[in-house]
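The values are calculated or read from the model by the stated rules, or taken from the named source; none is laboratory data. Source: prediction; values computed, not measured. Backbone-built Cβ (ideal geometry, glycine too); neighbour counts: all protein chains shown.
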Amino acid sequence: MARPLDGLTALDLATFVAAPFCCTLLGEFGAEVIKVEQPGTGDDLRRLGRASADGPSYMWMVEARNKKSITCNLRTAEGQALVKRLAASADVVAENFRPGTLERWGLAWEDLQAVNRGLVLVRISAFGQTGPYRERPGFGRIAAAVSGASYITGDPDRPPVPPGTPTIPDYLAGVMGAFGALAAIHHRHTTGEGQVVDVALYEPMLRMLDELVPAYAGDGHVRERIGSGTEYVVPHNHYRTRDGRWIAIACTNDRMFERLAAGAMKRPELLADFASVAERLRRRGEVDGLVQTWVGEHDAVDVLARLERAEVPAAAVNSVRDLLADPQVAARDNILSVTSALGTVFRVAGIVPKLSLTPGGVDALGPQEPGAHNEEIYGGRLGLGRDALAGLRARGVI
C-alpha cells in the first residue's frame, strides 16, 4: 500500500531521541530514512535504557524502526564530504547537536544549501539556534524545567517533578520538527526553496501550557502545584477505589457535575450545595473528599460502570500492564507485534495518526548492527565500489 511520504528521503544525523524521532515519524509514513551512526560504537540510543533480547536497547529497536543504518565519522573531512553528497539528493536533514557543531564540521546550512537548494534542515537543540542560552547543553528534564511544565507538576509540599517521563519533551520536539519539515516541504513545492526548521527542546512544552502565560501576563496569577487535580475545575482528579485501583474523573462543567452527583453517586442534594464551578473551586477539598469517599466504597469495575451509565468522563489509570490488556488499545492497533531480524517478537507502540487511504506502518525494527546498510546506501546512492568502501573503513571514516 502506498504511503503519503513515499519518495521522500531524510538523513538522520542526530542522536538519542528528539531529532531521531522526527525522522522516525517521517519513516513510518513512507520516507526513506538514512540513519548516520558513529563507526564502531553506533548511536548512543543503542545503549539507553533496558537492553532487549536482541542486544540493542528497547528504545533503539522502537525509535530506529524503518531506518537504514550507515556509519560515518562526521569529524573527518572525508566523512563530511560523504554527508554532503548524501544531502545533495535528500529532502530533509535532521540534527540535534549543540549550535555551532555542524558549522565546525563544514556542514553549516550555507554549505548544505549550496549542494541542494531545496533541502530542509531540521535543527533541534536544548535552547534553539538563537538567544543567550543557545550554546548550553540540555536533555528532556532540563527542557521540562525551563518550559514551566515541571514547576506546576507534583504535590504542593513536595519538589516539582518532570511531567511523565523525562523524554516527553524530546518526543514533542520531534513531533514539532516533523510538522515543521512537512510545512517547509509544502512551501518548497511553490518556491523551490528549502529552509531551516529551528526547534528548542523546551518550546513545545511551553506552547502546551494552556492559559499559564496569558493568565500571568493579564492579572499576575502564578499557577502552583496542586497534585493530580486541575486548577480551573473540580472534581477533576484521580480517586482510589476500594480494591486499590485509581480512577480518573473529569467534570469540566455544571452538566457533567450533575451527571456525577445525581446520576452516578445518587446524591442530588450536592447540586444545591455546589451549584457552580466557582463554588466547587472555593470548596475544592470538600468536593474531592466527597468524591473520594464514594469511589473508595466501591471496586473499580463497579465505579467505572456507574460512571459510564451516567455518561461521566472517566477511566482507569492504566499501568503498562493494563495497556496490553485494554480492548480499546487493541482495537485501535495502538500496540503492534513486530518480529526483529533475529526472530524476536517485540510489542511496540503503533502508528499515530491513522490515515484512511495511506496509513503508516512499521516495516522493520532498529537495525541490528551499525552500518548495516553501508553497501546499499554508499554503493546504491553514491556509486562507491567495494574497494572504495574498504578504504573508508580502513581509515575510520565509516
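Quick check: is even one residue across the stretch 125-141 in a helix (DSSP H, G or I) and closer than 30 Å to ILE226 by Cβ? Taking every residue of the stretch 125-141 in turn, at least one turns out to be in a helix (DSSP H, G or I) and closer than 30 Å to ILE226 by Cβ.
The residues on offer are VAL161, VAL196, and the sole one that is of a type outside the set (Phe, Trp, Tyr), in the same structural domain as ARG98 (by TED's automatic domain parsing), surrounded by 13 or more Cβ atoms within 10 Å (Cβ to Cβ) and touching a residue at least 12 places away in the same chain (Cβ under 8 Å) is VAL196. For the stretch 1-31, give me the residue count where each residue is under 20 Å from the mean Cα position of the chain (by Cα), outside any loop (DSSP other than H, G, I, E, B) and not hydrophobic (A, V, I, L, M, F, W, C). Of the residues in that region, 5 qualify. Yes or no: LEU355 assigned by TED's automatic domain parsing to the domain that holds GLY27 and not aromatic (Phe, Trp, Tyr)? When the stated conditions are applied, LEU355 passes them. Within the stretch 338-390, the residues that satisfy the criterion of being over 27 Å from ASP44 (Cβ atoms) and charged (D, E, K, R) are LYS354, ARG386, ASP387. The set of residues from the stretch 210-225 being outside any helix (DSSP H, G or I) and over 10 Å from ILE152 (Cα atoms) comprises ASP210, GLU211, GLY220, HIS221. Scan the stretch 313-357 for residues that are under 17 Å from ILE247 (Cα atoms) and surrounded by 12 or more Cβ atoms within 10 Å (Cβ to Cβ) and the total you get is 9. Scanning the stretch 358-371 for residues that are closer than 22 Å to ARG3 by Cβ and not hydroxyl-bearing (Ser, Thr, Tyr) turns up PRO359, GLY360, GLY361, VAL362, ASP363, ALA364, LEU365, GLY366, PRO367.
One line per residue, one yes/no per condition, for (1) crowded, with 21+ Cβ neighbours inside 10 Å; (2) in a loop (DSSP other than H, G, I, E, B); (3) not basic (Lys, Arg):
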{"residue": "ASP54", "(1), (2), (3)": "no, yes, yes"}
{"residue": "LYS68", "(1), (2), (3)": "no, no, no"}
{"residue": "GLU78", "(1), (2), (3)": "no, no, yes"}
{"residue": "VAL83", "(1), (2), (3)": "yes, no, yes"}
{"residue": "LEU107", "(1), (2), (3)": "yes, yes, yes"}
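GLY371 - would you say it is surrounded by fewer than 12 Cβ atoms within 10 Å (Cβ to Cβ), in the same structural domain as CYS23 (by TED's automatic domain parsing) and on the phi > 0 side of the Ramachandran plot? No, not satisfied. Applying a threshold of 7 Å to beta carbon distances and a minimum spacing of six or more residues, or different chains, the list of pairs starting in the stretch 311-328 at a residue that is more than 13 Å from CYS251 (Cβ to Cβ) and ending at one that is of a type in the set (Asp, Glu) and not in a loop (DSSP other than H, G, I, E, B) reads ALA316/ASP322. Within the stretch 371-398, residues that are closer than 19 Å to GLN38 by Cα reach partners that are part of a helix (DSSP H, G or I) and polar (S, T, N, Q) with beta carbons closer than 9 Å, at six or more positions or on different chains, in the pairs LEU389/ASN374; LEU392/ASN374; ARG393/ASN374; ILE398/ASN374.
Can you tell me which residue in the stretch 221-251 is farthest from the chain's Cα centre (by Cα), limited to those that are farther than 18 Å from GLY296 by Cβ and free of Cβ contacts under 8 Å to residues at least 60 places away in the same chain? Among them, the one singled out is HIS221. Those helices (runs of 4 or more DSSP H) of the stretch 235-312 in which 2 or more residues are surrounded by fewer than 18 Cβ atoms within 10 Å (Cβ to Cβ) and of a type outside the set (Asp, Glu) occupy 270-273, 277-282, 284-296, 300-309. Here THR165 passes the criteria (1) within 18 Å of the chain's Cα centre (by Cα); (2) in a helix (DSSP H, G or I); (3) hydroxyl-bearing (Ser, Thr, Tyr) except the one numbered (2).
Among the residues of the stretch 142-162, the one identified as touching a Leu at 6+ places or on another chain (Cβ under 8 Å), closer than 23 Å to ALA178 by Cβ and part of a loop (DSSP other than H, G, I, E, B) is ALA149.
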